[in-house]
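What follows is a set of notes on a single structure, which appears directly below.
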Amino acid sequence: MASVIPKLHELLRDWALKAVEGYDAAGVYLFGSLIYRDGAQFGESSDVDLVVTLPKLDNALERYRWLDAFVGHKSHLEIELMKLLSRKGDVPISSIVAITDEEITADVHKDGHREFFSANTFQDLTSGKFAVGLPSAGKSRPNRFLAAALSFSQKTRNQHFAISPNNTLKLHAYDGDDPLPKPIMRAAAMAARNQVEHAEVGVEHDVQEGLDAIFNELYLRRRGLPQWRHLYEVVSVRRKARGEWRPIQPSDQLLLGELIFDMAFGRSNGTSGGAGGSGDNDQGGPKPSRKADEVKVDEPVVITTHTTVGAKPPVPALPPLPRNSASAFFHERFAKAFPGIRRPTWFEDPAEIRLRLSSLLQEPLVFSNSIPIWWWRNGNIQIESFRIIEDDLCLMNYEELRVRRIAAMPGPSYKWNFVYVEAAAMEPTGLYNQSSESIEEEVSRMGYAVEEYGLLDDGTLLTRPEYDDGAKKIGDEIIDTTGRSELRVRYVSPYNFVIAAHDSPINNPRFDEHLASMLNKALNAGEPYPIVEKLSAMIAKLPLRTR
């Protein structure tokens, strides 16, 4: 083994130089048995222990992208190490501790080892120099909340890089019963607690607090980049929203780890960023009010009242749902929007429609523990926002709706109340060259035809793939649209749906097929009124939800 150590050092130095020159890593350091006593204790099963310092990146998404790209460089190292050391390919040979300047300054290690970065011996692989402690290590002493959150983020990165020569991963998809893995929720609770000056004892260990904190952050970011929208939708469904149940993939866990890092420093409350205040728009995210080396022992970092010059004001914390009942909330909204109405009542005048829907769907629609009003069709999802764009055109979430009629449908009790909404077909955007035949085929298959596109802040339309990629070729230039566009959904055939409380009896998977069938019949009928009233009678017979 001693004869191979010089070649091993040469391999690691070349790899480190490429990490710095090709990936902008701020530093690459070797520690552990390979440098202790000149490698005398480095054996056939020893790990190659490395510290890689991330470049200065503004936000969670930028760090996630860097980590995701760098894993390819780490994979290449594993293959070269396997060849040099003649090892099997199913176990990682090197271990990477990927850290930020904040973690070095606070001297926080993924496994909680004290003074790890300030009292350990490291070799700078780019210069070859040895030193006890990394530069600036241990200049601050973080409180336990901050330390726990940063340790978790660092550990997740370490698991992300624990890839073997044959591409076996250590970080696996999670598909348990909880919405998120418990370690993620616990770390988020610690991060959230670090932003509260006075809190109930033990709240930092409450996984529900952690889940709510993450969901609130994802909600604030959901109108930004697609990665946040994806995570928001996955977690929303796993919190019992309707939709396709999906596991939490390793890439999702990596991004959540970086989100928790930002939460711990108060950088993720939507105070800056692109559409929807995502805080991650490749133009610089919100900055902390204090540097990590200014964090004192057991002193929480409170950012909620701090405003950086030129930044948007902080987004206040979401209030809880009054009385914690979606049905009661919807009943109050229904009564205010349709006062005195006790039987099915139709509205076709555009001014009346605007008045009623604006009252029913006025802010607030989102609370810290619930999004109480939902719509149902083939797709079932919460209503998070609503506004009038033109006289008869409104925007509900991302859906453009030229509403032509609505109906207030009181049930036998307030829990069965719902509102029927019918929208006229809109002109296609022209982005997809849809023919009338293709639209008719989609209608025959789904009951309606739809387009998804992006709307740039200057009015330029983007195809959905262009929106997802954050760029568009305009003339002879490729324009970066990141943080400057918002998703839109346009129905190019007549469309209808119902609005009700999240815990309405309509929220019943066994009824989905019947609901879609009745709504299709209402669209195709010359007079939808009798069919919608028949639908109301069917809904009145549905059982109450038990959870």
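Cβ separations smaller than 7 Å between residues 6+ apart or across chains give the following pairs from region 76-88 residues that are farther than 17 Å from residue 42 by Cα to residues that are assigned to a helix (DSSP H, G or I) and not aromatic (Phe, Trp, Tyr): 80/11.
Of the residues in region 33-40, none is touching a residue at least 40 places away in the same chain (Cβ under 8 Å), within 13 Å of residue 94 (Cα to Cα), among the hydroxyl-bearing types (Ser, Thr, Tyr) and outside any helix (DSSP H, G or I).
This table checks each residue for (1) among the polar types (S, T, N, Q); (2) at pLDDT 95 or above; (3) within 26 Å of the chain's Cα centre (by Cα); (4) under 21 Å from residue 187 (Cα atoms).
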{"position": "51", "(1), (2), (3), (4)": "no, yes, no, no"}
{"position": "84", "(1), (2), (3), (4)": "no, no, no, no"}
{"position": "90", "(1), (2), (3), (4)": "no, no, no, no"}
{"position": "99", "(1), (2), (3), (4)": "no, yes, yes, yes"}
{"position": "104", "(1), (2), (3), (4)": "no, yes, no, yes"}
{"position": "120", "(1), (2), (3), (4)": "yes, no, no, no"}
{"position": "134", "(1), (2), (3), (4)": "no, yes, no, no"}
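Contact map, region 416-429: residues that are in the same structural domain as residue 345 (by TED's automatic domain parsing) and more than 15 Å from residue 502 (Cα to Cα) paired with residues that are part of a loop (DSSP other than H, G, I, E, B) and of a type in the set (S, T, N, Q), Cβ distance under 8 Å, separation 6+ or inter-chain. Pairs shown: 425/493; 428/434.
Taking the listed residues 157, 186, the one that is among the basic types (Lys, Arg), crowded, with 18+ Cβ neighbours inside 10 Å, in contact with a strand residue (DSSP E or B) (Cβ under 8 Å, 6 or more places away or on another chain) and not assigned by TED's automatic domain parsing to the domain that holds residue 108 is 157, with no other qualifying. Surrounded by 20 or more Cβ atoms within 10 Å (Cβ to Cβ) and farther than 21 Å from residue 189 by Cβ - does that describe any residue in region 250-257? Within region 250-257, none of the residues are surrounded by 20 or more Cβ atoms within 10 Å (Cβ to Cβ) and farther than 21 Å from residue 189 by Cβ.
Restricting region 118-143 to residues that are of a type in the set (Ser, Thr, Tyr) and surrounded by 15 or more Cβ atoms within 10 Å (Cβ to Cβ), the residue that is farthest from residue 27 (Cα to Cα) is 140. Restricted to region 223-249, and to residues there that are outside any helix (DSSP H, G or I) and farther than 24 Å from residue 506 by Cβ, the residue that is modelled with the lowest pLDDT is 224.
A single member of 358, 413, 370 is at pLDDT 95 or above and either among the hydroxyl-bearing types (Ser, Thr, Tyr) or under 35 Å from the mean Cα position of the chain (by Cα) (or both), and it is 358. Taking (1) surrounded by 14 or more Cβ atoms within 10 Å (Cβ to Cβ); (2) free of Cβ contacts under 8 Å to residues at least 12 places away in the same chain in turn, residue 537 satisfies each apart from (1).
Residues in region 154-210 that are outside any helix (DSSP H, G or I) and polar (S, T, N, Q): 164, 166, 167, 168, 194, 195. Here is the figure for region 374-410: residues that are at pLDDT 90 or above and either hydroxyl-bearing (Ser, Thr, Tyr) or on the phi > 0 side of the Ramachandran plot (or both) total 1. Just the residues that are part of a helix (DSSP H, G or I) and either crowded, with 18+ Cβ neighbours inside 10 Å or not acidic (Asp, Glu) (or both), please, taken from region 349-370. Once the filter is applied, which keeps residues that are part of a helix (DSSP H, G or I) and either crowded, with 18+ Cβ neighbours inside 10 Å or not acidic (Asp, Glu) (or both), region 349-370 yields 350, 351, 353, 354, 355, 356, 357, 358, 359, 360. Being small (Gly, Ala, Ser), modelled with pLDDT of 90 or more and not assigned by TED's automatic domain parsing to the domain that holds residue 64 is a description that applies to residue 191. Is it fair to say residue 512 is acidic (Asp, Glu), within 30 Å of residue 409 (Cα to Cα), more than 26 Å from the chain's Cα centre (by Cα) and surrounded by 12 or more Cβ atoms within 10 Å (Cβ to Cβ)? When the stated conditions are applied, residue 512 passes them. Within the span defined as region 497-504, every residue fails to be surrounded by fewer than 16 Cβ atoms within 10 Å (Cβ to Cβ), modelled with pLDDT under 90 and more than 25 Å from residue 423 (Cβ to Cβ). If you go through region 400-429 and keep only what is farther than 17 Å from residue 491 by Cα and surrounded by fewer than 17 Cβ atoms within 10 Å (Cβ to Cβ), you end up with 412, 413, 414. For beta carbons closer than 9 Å, sequence separation of 6+ or different chains, a first residue in region 507-520 that is in contact (Cβ under 8 Å) with a residue 60 or more places away in the chain and a second that is surrounded by 14 or more Cβ atoms within 10 Å (Cβ to Cβ) and among the small types (Gly, Ala, Ser), the qualifying pairs are 507/500; 507/501; 516/447; 519/447; 520/447.
The values are calculated or read from the model by the stated rules, or taken from the named source; none is laboratory data. Given the structure is predicted, the values throughout are model-derived calculations rather than measurements. Ideal geometry is used to build each Cβ from the backbone, glycine not excepted, and the neighbour counts take in all protein chains shown.
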